[in-house]
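Structure first, commentary second.
What follows is calculated from the coordinates using simple rules that are stated; it is not laboratory data. This structure is a prediction, so every number in the text was calculated from the model and none was measured. Every residue, glycine among them, receives a Cβ derived from its backbone with ideal geometry; neighbour counts consider all protein chains shown.
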Amino acid sequence: MNSLSHPLDKFDCAILAALQSDGTLSIAALSERIGLSSTPCWKRLKRLEEEGYIESRVAIVNRQKVGLPVTVFVSVRTGQHDEKWLRRFAAAVIVLPEVQEFHRMSGDIDYLLKVVTTDIKGYDLFYKKLIKAAQLLGVSSAFSMEQIKYSTELPLELIAHGLPA
């Protein structure tokens, strides 16, 4: 949230929640769902986009149907923790299309990557690109056997209670 952002109220949270579950809602359908007329709803939506609350609207593609059924969580340990090394490593990892998420961690693991790929061979090709990116102390891979829950929706109800109307 930037310094020009307005605090969220219950209507803003309702707009965000509705769009998280269906980003294709028209202004008419969205305004009906949250209980505002179209013009105020549209103005709020534009403000939420301008202030960065809504980063983008995307289609979620079925990974299995497009041939990317394998998810791997990759733990990376390094012996180097300086800014120059991190910039170089991050620049190399960010451009790898298999990487869906890239986190700097606390604790024993320095970085955690969520990777999607075609199969074991596809992961091996990714692994070879990763270890070329920088000198690493260790790389550990954990293959997801089954995805039990998946959501892109943030739990806005955690912040919605007690918000002004």
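Annotations
- Over all pairs of different C-alpha atoms in the stretch 91-165, the reciprocal of the mean inverse distance, the Kirkwood hydrodynamic radius, equals 15.2 Å.
- Reduced Cα scattering model of the stretch 61-125, Debye log10 I(q)/I(0), q = 0.13, 0.26 Å⁻¹: -0.41, -1.16
- Leading residue at positive end of dipole, the chain (Cβ point charges), from Ala14, Ile120, Leu156: Ile120
- Nearest 10 degrees, 0 to 90: helix 38-50 Cα axis against the chain principal axis: 30
- Binned Cα-Cα distances of the chain, short to long, each 5 Å bin given as a whole percent: 1, 7, 14, 15, 12, 11, 12, 12, 9, 5, 2, 0
- Considering only alpha-carbon pairs that sit under 8 angstrom and 6 or more positions apart, the relative contact order computed for the stretch 1-98 is 24 percent.
- The chain, helix-only ellipticity at 222 nm - DSSP H runs n ≥ 4, -39,500 (n - 2.57), divided by all residues, nearest 500: -11500 deg cm²/dmol
- In degrees, nearest ten, helix 120-133 long axis to first principal axis of the chain (Cα): 80
- Alpha-carbon centroids, the stretch 4-51 and the stretch 58-96: separation in whole Å: 32
- Angle of helix 10-21 to the longest C-alpha principal axis of the chain, folded into 0 to 90 degrees and rounded to 10: 50°.
- Computed from point charges on the beta carbon alone (+1 for Lys and Arg, -1 for Asp and Glu), the dipole magnitude for the chain about its Cα centre is near 460 Debye.
- Dividing the convex hull volume of the alpha-carbon atoms in the stretch 10-59 by its residue count gives 63 Å³ per residue.
- Here the stretch 40-89 has an Rg and Dmax of 19.5, 54 Å, counting Cα atoms alone.
- Separation in nanometres of the label points that stand 7 Å from Cα toward Cβ, at Arg47 and Ser140: 4.8
- Normalised by the number of residues in the chain, the mean separation of alpha-carbon contacts (under 8 Å, six or more apart) gives a relative contact order of 30 percent.
- Modelled label reach - Asp82, point 7 Å along Cα→Cβ, the stretch 121-153 residues with backbone N closer than 14 Å: 135
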